[in-house]
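**Q** Below is one structure. I have some questions about it.
The values are calculated or read from the model by the stated rules, or taken from the named source; none is laboratory data. Since we're looking at a predicted model, the values are computed, not measured. Cβ coordinates were reconstructed from backbone atoms using ideal geometry, including for glycine residues, and neighbour counts include every protein chain displayed. Ligands, DNA and RNA are stripped out before the accessible areas are found, and what is left, the full protein with its side chains, is counted by its heavy atoms. Shrake-Rupley method; radii C 1.70, N 1.55, O 1.52, S 1.80 Å.
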Amino acid sequence: MFQQTARRLVGAAAILAATTALAGTASAQVDLSGKTVEFVIPFSESGGTARWANVMAPFLTQHLPGNPTVVVGYRPGGGSTTGANWFQEQTTDDGTLIFGTSGSTQFPYLLGDPRVRYEYNDWKVLLVSGTGGVAYLPPDTAAKMSGLDASSLRDENFIWGVQSATGLDLVPNLAWQMLGLNVDSVLGMEGRGDGRLMFERGEANIDYQTSSSYIQAVQPLVDGGLAVPMMAWGALDDEGNIIRDPSFPDIPTFAEVCEATPGCETEGLAWDAWVTFFTAGFPANKMLFLPGTASQEMVDAYTKALDEIFARDDFWAVAAEELGVYPQMTGGAAQAAFRLGTQVQPEAREFVVNWLQESFGVSLQ
C-alpha cells in the first residue's frame, strides 16, 4: 500500500513537472520595486534549510518583478513549529513575505503534534524542492562495519543531536532502531547544523545532514579523514522505488545497509512506516509558500520568477555545489509534490505514534 501510494504521487509529480505552467501577464500586474521581501525559515542559520534559502534569495531578487531585495530571516524553536505557527497568523498579501519549510515542519503536522497550530492547506505553495540525507560516523567507528553490515556497531553507545523526535530526525532515528543500534538522542537542537557541531566537538559520534549541509560542511570532514559516510537515505525513481541518491551515487542507501544487516528487514510495518515518512520528508523536503491571503496574480508572479531561475544553467551549477541536484517543482508539479509531503497513510502514522511513545516518551494521543 505504501509503495503504491509513493508510485502514484511521484508519478503524478513527474508528469506534471514536464508541463510548466506559464504565468501569462501576471508579472506585469505585480511590481515589487523598492520593496524588501522577507524569506523566513523556522530554523537557525546553521542548517540545510538556511543554506537552501540563502541560495534561492539572490536569484529571486534578480527575477521577481521590480527586483526587490530578498533577505532571509530565522524563527527557530519547537522543532520548527514556532515559526510555522507564527506564519499561520500572517496576512501579508503584497508579496513581501514568503516562508520556507522542511520535512521537520511537515512531520509534526502529519503526526498531529499538539504544538501544531498551522494548516498547510491554508497556504499558497510556490515551490517544492527535493533533497537527500547522509549519515556518517567517526573513522574508527566506521571501520568496525563489515562491508554494509552494521551489526558490529550494536555494542557501541551512540549519541547524536536531534531537533525534535517528531521532526525529520525521526527518519534516522527509526533507521538506527531498525539496525539495532543503541543511540541516545539529545533533543532540542535548533537546526541540523547544531547536531553537526556536536559531532565536530566530539560530543556526538553519529550524525546525519541533509544534502546541502553535507556537501558544504561534512564533505570537508570526510576529505580531512575526520568522518566517514555510513549510508544515504536514497532517492525515489519515477516508479517510487528507492535508488541511490544522484548527488551521492557512491554511498549505499539505508535499504542496502538494512538488507545486509541481520535483523533489519526491508518489509513489514516498520519498513513501510520508514518508507512513508522518508517519502514525505525527503523527495518533498523543502517547500516555499506565500500566506493564504496572497492573490493568484502574486502566486503566478512568483511561479514565473522561479521557472526563470530553474531555466538558468548557472542556477544548476550553484545547486550542484551547494544543495545537490534534485527536482525543483513549481505549478502543477508543486501541487502534486505538496500532497506527497503533507499526507500519510493511517497505518504508518499509527506505527510511528506508538513508536514515539515507546522510544521517546512522546505522547501524541
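**Q** Return the pair list, or none, for Cβ contacts closer than 7 Å from residues in segment 143-169 that are in contact (Cβ under 8 Å) with a residue 40 or more places away in the chain to residues that are surrounded by fewer than 15 Cβ atoms within 10 Å (Cβ to Cβ) and hydroxyl-bearing (Ser, Thr, Tyr), at least 6 apart or on different chains.
**A** Met145/Ser152
**Q** For the condition within 19 Å of the chain's Cα centre (by Cα), farther than 22 Å from Gly240 by Cα and among the aromatic types (Phe, Trp, Tyr), what is the one hit in Phe278, Phe282, Phe289?
**A** When all the criteria are applied, what remains is Phe289.
**Q** For residues in segment 294-318 being aliphatic (A, V, I, L, M) and in contact with an Asp or Glu (Cβ under 8 Å, 6 or more places away or on another chain), which is farthest from Gln62 (Cα to Cα)?
**A** Once the filter is applied, the top-ranked residue is Ala294.
**Q** Quick one: is Asn241 open to solvent by less than 20 Å² (accessible area, probe 1.4 Å) and polar (S, T, N, Q)?
**A** no
**Q** Of everything in segment 211-231, what is closer than 12 Å to Ser46 by Cβ and open to solvent by less than 40 Å² (accessible area, probe 1.4 Å)? Give them in sequence order.
**A** Answer for segment 211-231, where residues must be closer than 12 Å to Ser46 by Cβ and open to solvent by less than 40 Å² (accessible area, probe 1.4 Å): Ser212, Ser213, Ala217.
**Q** Could you tell me whether any residue of segment 156-174 is out of contact with any helix residue (DSSP H, G or I) (no Cβ under 9 Å at 6 or more places or on another chain), of a type in the set (D, E, K, R) and over 19 Å from Phe278 (Cα atoms)? Show your work before the answer.
**A** As a first pass, look at segment 156-174 and keep what is out of contact with any helix residue (DSSP H, G or I) (no Cβ under 9 Å at 6 or more places or on another chain): 157.
Narrowing further to those that are of a type in the set (D, E, K, R): none.
No, segment 156-174 contains no residue that is out of contact with any helix residue (DSSP H, G or I) (no Cβ under 9 Å at 6 or more places or on another chain), of a type in the set (D, E, K, R) and over 19 Å from Phe278 (Cα atoms).
**Q** Tell me the residue from Val353, Val318 that is surrounded by fewer than 22 Cβ atoms within 10 Å (Cβ to Cβ), closer than 22 Å to Gly47 by Cβ and in contact (Cβ under 8 Å) with a residue 40 or more places away in the chain, please.
**A** Just a single option satisfies the conditions, and that option is Val318.
Yes/no per residue for (1) hydrophobic (A, V, I, L, M, F, W, C); (2) open to solvent by 20 Å² or more (accessible area, probe 1.4 Å); (3) touching a Pro at 6+ places or on another chain (Cβ under 9 Å):
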residue	(1), (2), (3)
Leu126	yes, no, no
Ala135	yes, no, yes
Ala143	yes, yes, no
Arg154	no, yes, no
Phe158	yes, no, no
Leu174	yes, no, no
Asn182	no, yes, no
Trp233	yes, no, yes
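**Q** Give me the pairs: first residue in segment 88-108 and of a type in the set (Val, Ile, Thr), second residue open to solvent by 10 Å² or more (accessible area, probe 1.4 Å), beta-carbon distance under 6 Å, and six or more apart or on different chains, which are they?
**A** Within 6 Å, the pairs are Thr91/Thr293; Thr96/Lys35.
**Q** Next question. Could you please give the count of residues in segment 47-69 that are open to solvent by 20 Å² or more (accessible area, probe 1.4 Å), without any contact (Cβ under 8 Å) to a residue 60 or more places away in the chain and under 28 Å from Ser164 (Cβ atoms)?
**A** 1
**Q** Then there is this: Are any residues in segment 283-305 under 19 Å from Ser212 (Cα atoms) and at pLDDT 90 or above, and if so, which ones?
**A** Scanning segment 283-305 gives Lys286, Met287, Leu288.
Per-residue answers, yes or no, for (1) within 22 Å of Pro42 (Cα to Cα); (2) among the hydrophobic types (A, V, I, L, M, F, W, C):
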| site | (1), (2) |
| --- | --- |
| Phe282 | yes, yes |
| Gly292 | yes, no |
| Val299 | yes, yes |
| Phe310 | no, yes |
| Asp314 | no, no |
| Leu323 | yes, yes |
| Met329 | yes, yes |
| Gln335 | yes, no |
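**Q** In addition: Can you name the residue in segment 321-354 that is among the β-branched types (Val, Ile, Thr) and assigned to a helix (DSSP H, G or I) and, of all such residues, is nearest to Val275 (Cα to Cα)? Step through it out loud before you land on a result.
**A** In the first step, residues of segment 321-354 are kept if they are among the β-branched types (Val, Ile, Thr); the result is 325, 330, 342, 344, 352-353.
Subset that is assigned to a helix (DSSP H, G or I): 352-353.
Numbers: Val352: 12, Val353: 15 Å.
Here the residue is Val352.
**Q** Restrict the check to segment 206-213 and report whether at least one residue is out of contact with any Leu (no Cβ under 9 Å at 6 or more places or on another chain), farther than 25 Å from Met56 by Cβ and not acidic (Asp, Glu). Steps first, please.
**A** Applying the first criterion (out of contact with any Leu (no Cβ under 9 Å at 6 or more places or on another chain)) to segment 206-213 yields 208-209, 213.
Subsequent filtering for residues that are farther than 25 Å from Met56 by Cβ retains none.
No, segment 206-213 has no match at all.
**Q** Kindly establish whether Ala150 is open to solvent by less than 30 Å² (accessible area, probe 1.4 Å), more than 29 Å from Gly341 (Cα to Cα) and hydrophobic (A, V, I, L, M, F, W, C).
**A** yes
**Q** Looking at segment 140-153 only, could you name the residues that are within 20 Å of Cys264 (Cα to Cα), modelled with pLDDT of 95 or more and not in a loop (DSSP other than H, G, I, E, B)?
**A** Selection gives Thr141, Ala142, Asp149, Ser151, Ser152, Leu153.
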